[in-house]
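The values are calculated or read from the model by the stated rules, or taken from the named source; none is laboratory data. Since we're looking at a predicted model, the values are computed, not measured. Cβ coordinates were reconstructed from backbone atoms using ideal geometry, including for glycine residues, and neighbour counts include every protein chain displayed.
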Protein chains: 2
Amino acid sequence: MTEQNPLIVFTPSGKRGRFPVGTPVLQAARSLGVDIDSVCGGRAICGRCQISIGEGEFAKHGITSAVAHVSGVTKVEERYDRIRGLPAGRRLSCQTQIQGDLVIDVPPESQVHKQVVRKEADTRVIALDPATKLYFIEVEEPDMHNPSSDLERVYNALRTQWSLDNVSCDLSIIAELQKALRKGEWKITCAIYSRAPGGGNRLSAIWPGFHDKTFGLAIDVGSTTIAAHLTNLSTGEVAASAGLMNPQIRFGEDLMSRVSYVMMNPGGEKEMTSAIRAALQQLAEEVAKQAQVPVTDILEVVLVGNPVMHHLFLGIDPTELGGAPFALATGLPLTFPAREMEFRLNPGAWAYVLPCIAGHVGADAAAVVLSEAPHEQDEYMLCVDVGTNAEIVLGSRARLLACSSPTGPAFEGAQISSGQRAAPGAIERIRINPETLEPRYKVIGSDKWSDEDGFEEEISSTGVTGICGSGIIEAIAEMYLAGIINQDGLVDGAMAERSSRIEPYKRTFNYVIRQPRVDGNEPLIRITQNDVRAIQMAKAALYAGVRLLMDKLNIDEVSKIRLAGAFGSHIDMKYAMVLGLIPDCDLSRVQSAGNAAGTGARIALLNKKARDEIESVVRRIEKIETAVEPKFQQHFVEAMALPHKTADFANLKKALTLPPIKTVVMADDEGGERRRRRRG
Amino acid sequence: MTEQNPLIVFTPSGKRGRFPVGTPVLQAARSLGVDIDSVCGGRAICGRCQISIGEGEFAKHGITSAVAHVSGVTKVEERYDRIRGLPAGRRLSCQTQIQGDLVIDVPPESQVHKQVVRKEADTRVIALDPATKLYFIEVEEPDMHNPSSDLERVYNALRTQWSLDNVSCDLSIIAELQKALRKGEWKITCAIYSRAPGGGNRLSAIWPGFHDKTFGLAIDVGSTTIAAHLTNLSTGEVAASAGLMNPQIRFGEDLMSRVSYVMMNPGGEKEMTSAIRAALQQLAEEVAKQAQVPVTDILEVVLVGNPVMHHLFLGIDPTELGGAPFALATGLPLTFPAREMEFRLNPGAWAYVLPCIAGHVGADAAAVVLSEAPHEQDEYMLCVDVGTNAEIVLGSRARLLACSSPTGPAFEGAQISSGQRAAPGAIERIRINPETLEPRYKVIGSDKWSDEDGFEEEISSTGVTGICGSGIIEAIAEMYLAGIINQDGLVDGAMAERSSRIEPYKRTFNYVIRQPRVDGNEPLIRITQNDVRAIQMAKAALYAGVRLLMDKLNIDEVSKIRLAGAFGSHIDMKYAMVLGLIPDCDLSRVQSAGNAAGTGARIALLNKKARDEIESVVRRIEKIETAVEPKFQQHFVEAMALPHKTADFANLKKALTLPPIKTVVMADDEGGERRRRRRG
């Protein structure tokens, strides 16, 4: 009678049921829907189905017997322990039979949908549920009395042993099949990809015998750098990471110059596509080598990138993105065999490219959304990814908007007289004494401030070579706070009387941060009027884009801000707010999102439902084209001014509502000077 | 009021309905489910929707008005007529509006599912319903106020203009898309493939503007020759055909020697795959050139072939087919991008390979089934495709069985002393005077018999070079009928007294058909004891296979016989029956099926439901492996004897039930002779 069957309780799920004596624990778990992993299907090979027999919890679960009733350790478990090691107290649930009432604990690493915690401070937890999964099968041998093909028997094994139906596969798999089956003595491991176009299950790879390792690559293709993370699809762990300069830099430093290259050199997109694809393959091989796995264990690639990179790595001419109406060839999510992008990984590897949001808001922005989840917020969250264009997403659970804003490359240190990339020798922090106007600064490669003892010795190998993006932001904010520049961004020549660091230059003034050392080849490090102007334009563009979306949502404040990318990681949020890069927000709720695009790619790699999620969110996002919004121009002009933001944040809004400047200053120093003065 | 709307009757369907004045006829037809074709979707471009306005049929259809009420010929119809020509009395139904009661005739060529009649004598009619169809669409232009990607707008147009959903496409299409849309001024023609793995609609090709031509290739890859038919997917017509010797012949004349080549030369299958694929590409280009269409208009390929060819063109090592248990890598129907087989047609072209039935009964046999349709017969039909193996299918609507039988290449003239392929100079018909034992014969290349005046002149250019397969069958049957060989197949040496044509040879006798001409280089044409033996073995194998299936069905007669392939086309059915190649059957119901495998491939190309049909039939077919059936051996031995089949068919069965020969004669002449004699 069922009443007399032992009672089994699984923790942490709390699922319970009665099973006849002799039932394997794995089978009991499955029939209750308890989430226990297995690749080998109960053959004591994979070791994924480990459990602990609970102790002292019987009363709590209403189990009357105080004695754990399980079968003894089997020979195959002993063998597994000898070869692969079984932690103390652990059993293989496929080998453990129920003998009496039991409390069974399923440890996190034995759960199918293990949680992958991304980073310490993060509240967003990802359940491991990749599109590619492994299944070990035993295939019937061919029988002349009942003839059928090897592939049919493989499909049959997948159906009967794993309930997998509607399976199809590529010719390349079929060509390998017979050798694999015979080498594995009619046991093979199959990788099944469950998210191919049209649906169904694709047999994407096979290995003779038992195979336990599958990896995926999450790649963020940036205009400047490409970053790849090799991720174990069974554990969610990052096995190796590597980055590479985007080789397309030789075709143009920024995005638009690369589009121009194509326009000027018909067929140039093919060169760029080849360059980027070669780099992607190189990265894949590099991370595989680091992690000591063959590239053929890489079964998936997830790619994100801004629209121009997206088009180029897909082999699409980006010319249309170079002019109005900025039409993407496609912004839809794409799933295709990775070999179509010339990847040489496992021949059956699949690629997934996240959707683009709009013509200038790419798959990288979609990945930031997936990582930061503004669509799950009750309050308004602003996500900004700053590059040559700022990709801006603002909203909440109720409504999400996106736009891009042409910030130009100033925030990255480009087109700034002493600007440079973040590298040893670059000034990254700076403070200016408002009394003496003397600067003190920190340089990448040293922990000391420039006024500390031993600073010069520490930096002697590199010298001070320039200012990186975060340094420029701080320099200009500090110049403003010290009164060296005014709200209009004009360097005050009258200050030259107070300090020789204010030096005349053509008809304007520079602020000199550092003179070259007598003995070195260092350049003169300074901020020119033009530099201030470039940063003003960049920050005005960024702010205007954000402000436009706030208008659409009819809000004046946002609750959370996430700054993604390298810029977001290095900038000091206070200074971003002093300069008015970002709108009013409690400073404690302004955070760097790190490489959120890369994180989003990794989430999409590890969880197939996350792909559905971001696809559905992107469809919902309202796309705003700043170029056709008259208010954008108005916000841009208004945002050129430098607001002063100190402890008294209330002044900020006042500062933001200065009388509009009538003429945008775009010309050379002298002309710009003239026109600006007209306004003053 | 609806009552007062005009009544419209469509012929030949008889569908009728009332529609408001001003309704386009095409629209009315669609709403009634009347089958009218259209690629352009009602834009007067494609001309596929032509109709005739019926006359004098009003009363018959209950229409009261005697006057045809239609709108006048429009400017766009006039333009269509001027440019592409409109037959007299025809209108474009998309341009013709209903003004009053009408009888409208839809001519066959305007129907979507046009019937394609295969050959005159054939009762099986195929409805045109290819997996690839064309759709002309007008795509919205990009709009900065409502940004979306070009591909999204294409999908949207397919949805709104053609109700096509769940569309996906390859990277290669996306890369072409923007140029095509702009070149076509936002009008493009899309090819949609509706039978991709997993389901859904695949956008397989695009053309700027209107494009009306799509073609498919039906290819039968035989061991000896490869035949390709380029077929227009809109009309079902064969646009061009071509054949080529299978280049694999250099790796071995027959199938098993090619398998041996692979066994002896590891990697040899790759050479053979390359050779066959190059030949397939060459054929594709040849037929395209013949038909004067670009190869990029080829959007589909359907392939059939015996299992070894099937594996080799798919890139699968056929080694396993060389020995028991003869396991196919796959026998499942396959659908994949044609480029995976290195086809260079339209880059988005799809390939379909019919299922194999069993280890030695290939996709070519499945195609024969699709062509001859034994599964639709109420009576038992036997289909035989004779090659190096005979592929045999027997059954009816209720039950279908298949097996293969190792006939060897004798029926093709190989391993016969004077044997040769069917080519000018080969004897194809022969009669022997039972009194004089003198032969008369016909040679390929001449209509005259050898005893007619002028025969020698007609054949002087080639001479008589050998005997082809059908000639050998007739020669041996005639020798038997003339008493030169007895029921055991022994050439009767005593006959040498009656005619010098019976000449001793080692310990046996030959029958000499023709001495070399004094002035020529002709060979001596004769039939040796060994030749008789080879044909006996081949026919015994064929008959034994058929007999085995008859046993399984518990029948002694079949109602219809179809002999497929070149052999079936050339053989005289009477002689096949005299020799006992085939079982008892009314001779008028024994027919050649011509190139039934090629026909089956064409059916699968033209009608996607035919693919479902043959897939389902093949799953149902009971596969019999002759090698494990003890009765096969018994039937084989019994069938070695020569039955005599004249007008009195009743004797046949008696002849078939001779006492069994104990030893199968497989050795050289002398040994064979000895052993046979032991039995006599």
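The residue of the range A:1-18 that is surrounded by the fewest Cβ atoms within 10 Å (Cβ to Cβ), among those that are out of contact with any Leu (no Cβ under 9 Å at 6 or more places or on another chain) and hydroxyl-bearing (Ser, Thr, Tyr), is A:Thr2.
Taken as a whole, the range A:301-308 holds no residue that is at the interface with chain B (Cβ under 10 Å from one of its Cβ atoms), in a strand (DSSP E or B) and in contact with a Leu (Cβ under 9 Å, 6 or more places away or on another chain).
For the criterion of being modelled with pLDDT under 90, crowded, with 17+ Cβ neighbours inside 10 Å and within 35 Å of the chain's Cα centre (by Cα), B:Ile51 fails. If A:Glu286 satisfies all but one of (1) more than 26 Å from A:Thr132 (Cβ to Cβ); (2) more than 14 Å from chain B (Cβ to nearest Cβ); (3) not aliphatic (A, V, I, L, M), what's the number of the condition it fails? (1) is the only condition that A:Glu286 fails.
Conditions (1) surrounded by fewer than 22 Cβ atoms within 10 Å (Cβ to Cβ); (2) β-branched (Val, Ile, Thr); (3) modelled with pLDDT of 70 or more, marked per residue:
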| position | (1), (2), (3) |
| --- | --- |
| B:Thr599 | no, yes, yes |
| B:Ala604 | no, no, yes |
| B:Ala655 | yes, no, no |
| B:Arg676 | yes, no, no |
| B:Gly680 | yes, no, no |
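Do we have any residue at all in the range A:405-415 that's of a type in the set (Ser, Thr, Tyr) and closer than 13 Å to A:Gly545 by Cα? Checked against the condition, which is being of a type in the set (Ser, Thr, Tyr) and closer than 13 Å to A:Gly545 by Cα, the range A:405-415 yields at least one hit. Considering the range B:331-340, the residues that are more than 19 Å from the chain's Cα centre (by Cα) and crowded, with 21+ Cβ neighbours inside 10 Å include one that is nearest to B:Leu303 (Cα to Cα), namely B:Ala338.
Scanning the range B:149-159 for residues that are over 14 Å from A:Pro333 (Cβ atoms) and more than 7 Å from every other protein chain (Cβ to nearest Cβ) turns up B:Arg153, B:Val154, B:Asn156, B:Ala157, B:Leu158, B:Arg159. Restricting attention to the range B:19-35, the residues being surrounded by 16 or more Cβ atoms within 10 Å (Cβ to Cβ) and either in contact with a Ser or Thr (Cβ under 6 Å, 6 or more places away or on another chain) or part of a loop (DSSP other than H, G, I, E, B) (or both) number 6. If you filter the range B:238-282 down to residues that are part of a loop (DSSP other than H, G, I, E, B) and free of Cβ contacts under 8 Å to residues at least 60 places away in the same chain, you find that the one that is surrounded by the most Cβ atoms within 10 Å (Cβ to Cβ) is B:Gly252. Restricted to the range B:283-300, and to residues there that are free of Cβ contacts under 8 Å to residues at least 12 places away in the same chain and not in a helix (DSSP H, G or I), the residue that is surrounded by the most Cβ atoms within 10 Å (Cβ to Cβ) is B:Pro294.
Taking the condition in a loop (DSSP other than H, G, I, E, B), within 14 Å of another protein chain (Cβ to nearest Cβ) and closer than 23 Å to A:Gly565 by Cβ, does A:Pro347 pass? Considered against the rule, which asks whether it is in a loop (DSSP other than H, G, I, E, B), within 14 Å of another protein chain (Cβ to nearest Cβ) and closer than 23 Å to A:Gly565 by Cβ, A:Pro347 comes out as no. When we screen B:Glu615, B:Glu622 for residues that are more than 20 Å from the chain's Cα centre (by Cα) and either of a type outside the set (Phe, Trp, Tyr) or surrounded by fewer than 21 Cβ atoms within 10 Å (Cβ to Cβ) (or both), the only hit is B:Glu622.
Restricting attention to the range B:616-640, the residues that are modelled with pLDDT of 90 or more and among the small types (Gly, Ala, Ser) add up to 2. Residues in the range A:170-184 that are in contact (Cβ under 8 Å) with a residue 24 or more places away in the chain and within 35 Å of the chain's Cα centre (by Cα): A:Asp170, A:Ser172, A:Ile173. Of the strands (runs of 3 or more DSSP E) lying entirely inside the range A:160-237, those containing at least 2 residues that are touching a Lys or Arg at 6+ places or on another chain (Cβ under 6 Å) and within 14 Å of chain B (Cβ to nearest Cβ) span A:187-193.
Hey, can you tell me all the residues within the range B:320-335 that are facing chain A (nearest Cβ under 10 Å) and either of a type in the set (Asp, Glu) or over 18 Å from B:Ala627 (Cα atoms) (or both)? Scanning the range B:320-335 gives B:Glu320, B:Ala329, B:Thr330, B:Gly331, B:Leu332, B:Leu334, B:Thr335. For the range A:360-373, does any single residue satisfy the condition of being within 12 Å of chain B (Cβ to nearest Cβ) and of a type in the set (Val, Ile, Thr)? Taking every residue of the range A:360-373 in turn, at least one turns out to be within 12 Å of chain B (Cβ to nearest Cβ) and of a type in the set (Val, Ile, Thr). Going by the structure shown, is A:Thr646 within 30 Å of the chain's Cα centre (by Cα), away from chain B (no Cβ under 14 Å) and modelled with pLDDT under 95? No: the conditions fail for A:Thr646. Any chance the range B:185-206 includes a residue that's more than 30 Å from B:Asp254 (Cβ to Cβ), touching a Cys at 6+ places or on another chain (Cβ under 9 Å), surrounded by fewer than 24 Cβ atoms within 10 Å (Cβ to Cβ) and in contact (Cβ under 8 Å) with a residue 60 or more places away in the chain? Within the range B:185-206, one or more residues are more than 30 Å from B:Asp254 (Cβ to Cβ), touching a Cys at 6+ places or on another chain (Cβ under 9 Å), surrounded by fewer than 24 Cβ atoms within 10 Å (Cβ to Cβ) and in contact (Cβ under 8 Å) with a residue 60 or more places away in the chain.
Tell me which residues, restricted to the range A:133-169, are of a type in the set (D, E, K, R), buried (at least 20 other Cβ atoms within 10 Å of the Cβ) and in contact (Cβ under 8 Å) with a residue 40 or more places away in the chain. Correct list: A:Lys133 only.
From the list B:Ser417, B:Ser450, B:Ser470, the lone residue that is among the polar types (S, T, N, Q) and more than 17 Å from B:Ala534 (Cβ to Cβ) is B:Ser450. Return the only residue of B:Gly395, B:Gly362 being on the phi > 0 side of the Ramachandran plot and of a type outside the set (Asp, Glu). It is B:Gly395.
In a residue-by-residue description of the range B:382-399, the property of being in contact with a Phe, Trp or Tyr (Cβ under 6 Å, 6 or more places away or on another chain), at pLDDT 95 or above, assigned by TED's automatic domain parsing to the domain that holds B:Leu542 and under 20 Å from B:Leu553 (Cα atoms) applies to at least one position. Take B:Ala390 and tell me if it is crowded, with 22+ Cβ neighbours inside 10 Å and within 14 Å of chain A (Cβ to nearest Cβ). So B:Ala390 fails the test.
Can you pull out the residues in the range A:212-233 that are more than 17 Å from the chain's Cα centre (by Cα) and surrounded by fewer than 20 Cβ atoms within 10 Å (Cβ to Cβ)? Matches in the range A:212-233: A:Asp212, A:Lys213.
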